[in-house]
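Read through the structure below, which is laid out as C-alpha cells, and then see the notes.
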Amino acid sequence: MTLGSAVRWDKIQGDPTYRQTFLSNFQTLTPEYELKMADTEPQQNQFAFNYSDAFVNWALANNKIVHGHTLVWGSYLPAWVTSRRWSRTQLTAIMKNHIQTEVAHFKGRIPEWDVVNEAFTDDGKLRQNIWAQDIGSSYIPLAFKYARAADPAARLCYNDYNAEVAGPHADAVYNLVKSLKAQGLIDCVGMQMHVRLPGYSEQALRTNWQRFAVLGVSVYVSEMDVDTTGFSGSAVQAQAAQADAYRRAALACNDVRCARFTTWGFSDASSWLGSAAAALPFDANYQAKPAWAALTSVLAP
Ligand code: G3I
C-alpha cells in the first residue's frame, strides 16, 4: 500500500515548503487537474502536454508513482466539447482519440489511470453528462476498452464519490465493476472518501469494499479529506475527531488490502474545500495534525 496525495504543479514549482512536504511524506502523486481534458486537449485533436509532461517527469525524477486522473469525466471539459451536441459516432470517436492519444503519450510513465470518473448519481442512475447523453451507457466500457488497447500494461480504475458504503450508488458502481472485470477491462476502483465529520465506521467501509476485493479488483482510497466545517466542539476536539475518521478509513483499507491511500491535497492551505474546512492531514502551515499520525501509524506498509 502506498500513501499518496493530489498535487498541483503550480504549487510544486512555486512553493518550496509545499514541494518538500510532499516529497518527504508521499510515494504516489495524482495531478489535481493537469491531466484532465480541458488542459490536455484544449482544442479538438490539438493536444497540450508540455505542462503535464514537466509535472510527470518531475514526479518520476523524484521516484514518485503518478496516478493518471482522469480520462473521461463530465466536468472540466474543454468548451469545444460542451458547446454543442454530438452524434454517438462523432463523440465516440472524440472520446477514443482523446483516451488513446493521452494514454499512449504517457505510456511507460503513468502506470495507472482513472479511466472514467463519477458516472453515477446517488440514486444509482447513470449521471447525465455529455458522454452519457450523446453516446449512452456504452461510453463506460468503450472508454476502458480504448484505454486497455492504448496501454495493456496500465492498471485501469473507475473512480467515484458517495459509493464508499452500501447504498444504491455503491451498488451501481459494484455492478459496473463486476461487468468490466468479467471483460478483463478493469483493475482498480477508487473510493474518493470526501467525507464530513464524523466519517464512516470501519465496518461499514469494510463491508462495502470487501465485495469489490472479492471481484479481484484493487480498492484505492483515491481522494480522502475530512471536512470539519460545522463541528460543534473546539479545534482540538475537531482534530481528534478528524484523526479518528482517517484512522477508521485506514483500518478498513488494511482490512481489504488497499493498494493506494490518497488524500486530496495534503495541506489545508491548498484544499479544494478551502482552508476553513481544515480537511487535510497537514495544517495551513504544513504542520502535521493528529490525522497524519493516525494515517501513518495504522496504514500497513
Ligand atoms: O484551469 C486553470 C489552469 O489553466 C491554470 O494553469 C491553473 C493554475 O492557476 O488553474 C486552473 O484553474 C483551476 C484549477 O482547479 C486550479 O485551481 C480550474 O479552473 C478549476 O476548475 C480546477 O478545479 C479542480 C476541479 O477538480 C476541476 O478540475 C480542483 O482543483 C480539484 O480539486 C477538483 O478535483 C475533483 C476531482 O478531479 C474529482 N473528484 C472531486 C474533486 C473535487 O471536486
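The values are calculated or read from the model by the stated rules, or taken from the named source; none is laboratory data. Predicted, not measured: the structure shown is a model, and the values here were computed from it. Note that each Cβ is placed from the backbone with ideal geometry, even for glycine, and that neighbours are counted across all protein chains shown.
Condition test on Asp160, is it within 16 Å of the ligand (Cβ to nearest atom), under 23 Å from Thr30 (Cα atoms), among the charged types (D, E, K, R) and surrounded by 15 or more Cβ atoms within 10 Å (Cβ to Cβ)?
yes
Across region 188-210, what is the number of residues that are away from the ligand (no atom under 16 Å from the Cβ), in a loop (DSSP other than H, G, I, E, B) and surrounded by 21 or more Cβ atoms within 10 Å (Cβ to Cβ)?
1
When only residues in region 28-55 that are in a loop (DSSP other than H, G, I, E, B) and under 15 Å from the mean Cα position of the chain (by Cα) count, which is nearest to Phe261 (Cα to Cα)?
Step by step, filter region 28-55, then rank; the result is Glu32.
On the basis of being in contact with a helix residue (DSSP H, G or I) (Cβ under 7 Å, 6 or more places away or on another chain) and touching a residue at least 60 places away in the same chain (Cβ under 8 Å), does Phe231 make the cut?
So Phe231 does not fit the description; no.
Quick one: is Val221 among the aliphatic types (A, V, I, L, M), in contact with a helix residue (DSSP H, G or I) (Cβ under 9 Å, 6 or more places away or on another chain), at pLDDT 95 or above and closer than 20 Å to Val177 by Cα?
yes
Would a scan of region 23-32 turn up a residue that is of a type in the set (S, T, N, Q), closer than 22 Å to Ala150 by Cβ, more than 12 Å from the ligand (Cβ to nearest atom) and surrounded by 18 or more Cβ atoms within 10 Å (Cβ to Cβ)?
Yes, the conditions are met somewhere in region 23-32.
Is it fair to say Ala284 is free of Cβ contacts under 8 Å to residues at least 24 places away in the same chain, of a type in the set (Gly, Ala, Ser) and either outside any strand (DSSP E or B) or under 18 Å from Phe26 (Cβ atoms) (or both)?
Yes, satisfied.
Which of the residues spanning region 59-76 are surrounded by fewer than 17 Cβ atoms within 10 Å (Cβ to Cβ) and not small (Gly, Ala, Ser)?
Leu60, Asn62, Asn63, Tyr76
Looking only at helices (runs of 4 or more DSSP H) that lie completely in region 77-181, which have at least 3 residues being among the β-branched types (Val, Ile, Thr)?
88-106
Restricting region 1-15 to residues that are part of a strand (DSSP E or B) and small (Gly, Ala, Ser), which is nearest to the ligand (Cβ to nearest atom)?
Checking each candidate, the answer is Ala6.
Tally time: how many residues in region 24-65 are in contact with a His (Cβ under 9 Å, 6 or more places away or on another chain) and closer than 19 Å to Leu3 by Cβ?
Number of matching residues: 5.
Please state which one of Tyr76, Tyr18 is of a type in the set (Ser, Thr, Tyr) and within 13 Å of the ligand (Cβ to nearest atom).
Of Tyr76, Tyr18, the one residue that is of a type in the set (Ser, Thr, Tyr) and within 13 Å of the ligand (Cβ to nearest atom) is Tyr76.
Return yes or no: is Thr70 modelled with pLDDT of 95 or more and of a type in the set (Val, Ile, Thr)?
Judged against the criteria, Thr70 is a match.
Given the conditions (1) under 25 Å from Ser138 (Cα atoms); (2) touching a strand residue (DSSP E or B) at 6+ places or on another chain (Cβ under 9 Å); (3) hydrophobic (A, V, I, L, M, F, W, C), and given that Ala93 satisfies all but one, which numbered condition is not satisfied?
Ala93 satisfies all of (1) under 25 Å from Ser138 (Cα atoms); (2) touching a strand residue (DSSP E or B) at 6+ places or on another chain (Cβ under 9 Å); (3) hydrophobic (A, V, I, L, M, F, W, C) except (2).
Conditions: (1) farther than 19 Å from Val103 by Cβ; (2) away from the ligand (no atom under 15 Å from the Cβ). Phe144 meets all but one. Number of the miss?
Result: Phe144 fails condition (1) only.
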